[in-house]
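Okay, structure first, notes after.
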Amino acid sequence: MHRRTFLLSGTALLATIAAGGFGLLRAAGAAAAETFPVSFTVDEWKKRLSPEAFAVLREEATERPFTSALNNNKKEGIYHCAGCDAAVYSSAAKYDSGTGWPSFWQPISSEVIGTRTDYVLVYPRTEVHCANCGGHFGHIFDDGPPPTGQRHCLNGVALRFAPGSEAVAG
């Protein structure tokens with residue numbers, strides 16, 4: 001490979017990554033591959049969601065760490081899917097993982113989320129999404145606290161917090 005071709009290819013790759021802006025990596029997403037109880041056209045989703053929420057929930061983008069106000073939220077309440085308003089996580093299961101994203105050790109129930117394996121970063125990860133609308137929340141890792149040992153590492157823009165009555169996680 002000629003040096004000039006190599007440099008131009010590298011520059012094009014960096015420009016492509018930079019053009020992603022909000023999220024560096026995007027995948028086709030569970031929302032595009034499956035059917036869910038709540039469903040809208042792409043245009044309808046774009047009208048319902050902010051550009052950032054659309055990128056995360058519908059295109060599986062990732063918000064930058066430490067940018068969500070929900071990351072430091074210590075109030076009692078329920079976290080809902082920002083796409084369809086389904087109750088998905090409780091503050092009773094939220095903890096500070098130090099990663100820069102809101103983290104939970106379990107959802108309200110296993111029925112409110114769906115998972116699948118993604119290979120966006122080449123190695124397998126467990127992607128987590130809303131079981132009601134397919135909106136992408138983030139990923140689940142096996143480095144969380146007891147009792148589950150899981151870390152549901154979520155994009156804050158994919159969630160809406162409702163303070164008040166506390167649902168028991170689990």
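The values are calculated or read from the model by the stated rules, or taken from the named source; none is laboratory data. Since this is a predicted model, take the numbers as computed values, not measurements. Positions of Cβ are backbone-derived with ideal geometry, glycine not excepted, and every protein chain shown enters the neighbour counts.
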If I filter segment 148-166 for residues that are of a type in the set (Val, Ile, Thr), part of a strand (DSSP E or B), surrounded by 14 or more Cβ atoms within 10 Å (Cβ to Cβ) and at pLDDT 95 or above, do I get at least one hit?
no
With respect to residue 102, is the statement that it is modelled with pLDDT of 95 or more, surrounded by 15 or more Cβ atoms within 10 Å (Cβ to Cβ) and touching a Gly at 6+ places or on another chain (Cβ under 6 Å) true?
yes
Look at segment 20-42 and say how many of its residues are at pLDDT below 75 and assigned to a helix (DSSP H, G or I).
4
Can you confirm whether segment 43-59 contains a residue that is under 18 Å from residue 152 (Cβ atoms) and in a loop (DSSP other than H, G, I, E, B)?
no
Output yes when any residue across segment 80-98 is surrounded by fewer than 19 Cβ atoms within 10 Å (Cβ to Cβ), closer than 23 Å to residue 162 by Cβ, without any contact (Cβ under 8 Å) to a residue 60 or more places away in the chain and touching a Ser or Thr at 6+ places or on another chain (Cβ under 9 Å), and no when none is.
yes
Filter segment 70-97 for residues that are out of contact with any helix residue (DSSP H, G or I) (no Cβ under 7 Å at 6 or more places or on another chain) and assigned to a helix (DSSP H, G or I) and give the result.
72, 91, 92, 93
